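Reviewing the structure listed below.
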Amino acid sequence: MTATLWLVATPIGNLGDLQPRAIEVLAAADLVCCEDTRRTGLLLHHAGIKAKRMAVCNEHTEHDLIDRVLRVLDDGGDVAVVSDAGTPGVSDPGERLVRAVVDSPHAVSAVPGPSAAIMAVTISGLDTSRFVFDGFLPRKGRERGARLADVAAERRTTVLYEAPHRALKTLADLADVCGPDRVVVVTRELTKLHEEVVRGTLGTIDIGEPRGEYVFVIEGVPVDDTPLTDDDIRALLTTALESGLSKRDAAAHVAAETGQPKRDVYQLTLD
Ligand code: SAM
């Protein structure tokens, strides 16, 4: 068997979500990398197992851990990575170890399982056919403004993580950039005793006093699917022609923009 780096998902609240295969992989791993050895130790104790060896993997230590992980894999051992909750690598450590092992002869695999983002978007009732995970927004400055603007312009559903003490500020900022009518679903304490889902619009949603862990799911910019009339297309053609395009180029441009057959649009330029 190829030596493997395993990304092992762990519960986001309800310990019953720890899967049998996660337990098997964690018990067999020669090294378990985790954010907090005490917290993961308790989880393993709950599962009736003990890790062979543990190492702390957080944003400060992950880089320095790469050599050690590669040495274990070179010796034929398996390494498991877990975070405090959910799927490692999703707003959690793991990505740098994966990249290092991808560049080595060893394998990377996962025991998939809980992730707050996936749970929130799938229970939101919003469009799940295309969605964007945008993690935590930057706390302030131009970067925050730019990311908020991205959410405002996004056509797909957006999923955001947020800490309780920033929840109200982020909802207010989202209302400013997206407008009061955009639908938002605020999920809280998923899989836990006080799990809660509040649906509303950014202008009216009331989440009370924030407590616990939050995922916000925001509707994409509603797409206007009213069929275009010939007059709409003529107006677009006029703008394109006035910008200096030839009839042929204006027709090609408007056809691409509207999805109408090029021949029909060109005919309108002749008309
Ligand atoms: N890796 C994790 C995952 O797969 O969901 C996410 C880790 S990130 C550091 C922590 C954030 O995830 C929290 O601030 C919150 O936004 C979200 N989160 C984690 N557990 C949650 C839960 N049970 N309910 C709601 N949100 C949760």
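The table below gives the values:
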read-out	value
Two-site label geometry, Asp127 and Ser104: point separation in nm, points 7 Å out along Cα→Cβ	4.2 nm
DSSP-defined beta bridges in the chain - what % are antiparallel, rounded to 5	50 percent
Rounded to 10°, Cα long-axis angle of helix 62-74 versus longest principal axis of the chain	60 degrees
Helix axis angle, 230-242 relative to the chain longest principal axis, alpha carbon, degrees	90 degrees
Cα-derived Rg to Rh of region 90-153, Kirkwood definition	1.06
Using a Förster distance of 22 Å, the FRET efficiency for Ala256-Ala152 (Cβ separation, nearest 0.05)	0.35
Extension reserve of the Ala172-Glu24 stretch, reckoned as 0.36 nm per residue once the Cα distance is removed	48.8 nm
Angstrom value of the Kirkwood radius, inverse mean 1/r, which spans all Cα pairs in the chain	21.9 Å
For region 117-218, alpha-carbon Rg over 2.2 N^0.38 Å	0.97
Contour minus Cα-Cα distance for Leu42 and Thr239 (0.36 nm per residue)	64.3 nm
Contour minus Cα-Cα distance for Ile66 and Glu196 (0.36 nm per residue)	42.9 nm
Partner aspartates and glutamates for Lys262 [C-alpha distance under 18 Å; skip if fewer than 8 residues away on the same chain]	Asp230, Asp231, Asp232, Asp249, Asp271
Relative contact order %, region 230-270, counting alpha carbon pairs below 8 Å whose residues are six or more apart	40 percent
Proxy reagent accessibility, fewest Cβ within 10 Å first, across Val25, Val81	Val25, Val81
Region 4-136, relative contact order [Cα under 8 Å, separation at least 6], %	37 percent
Ellipticity estimate at 222 nm from DSSP helix runs (n ≥ 4, -39,500 (n - 2.57)) divided over the chain, nearest 500	-12000 deg cm²/dmol
For region 4-114, convex hull of alpha carbons as volume per residue, Å³	83 Å³
Tilt relative to the chain, helix 247-258 - C-alpha long axis, 0 to 90 degrees, to 10	40 degrees
Spin-label model distance (nm) - Glu59 vs Lys140, 7 Å beyond Cα toward Cβ	1.6 nm
Percent RCO, i.e. relative contact order, over the chain, from Cα pairs under 8 Å lying at least 6 residues apart	17 percent
Region 63-179 - Rg (one decimal) and Dmax (whole number), Cα, Å	17.9, 56
Hull volume in cubic angstrom per residue (convex hull over the Cα atoms of region 230-270)	53 Å³
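Values in this text are rule-based calculations from the coordinates and carry no lab data. All of these numbers come straight from a predicted model, not from anything done at the bench. Reconstructed Cβ throughout: ideal geometry from the backbone, glycine too, with neighbour counts over all protein chains shown.
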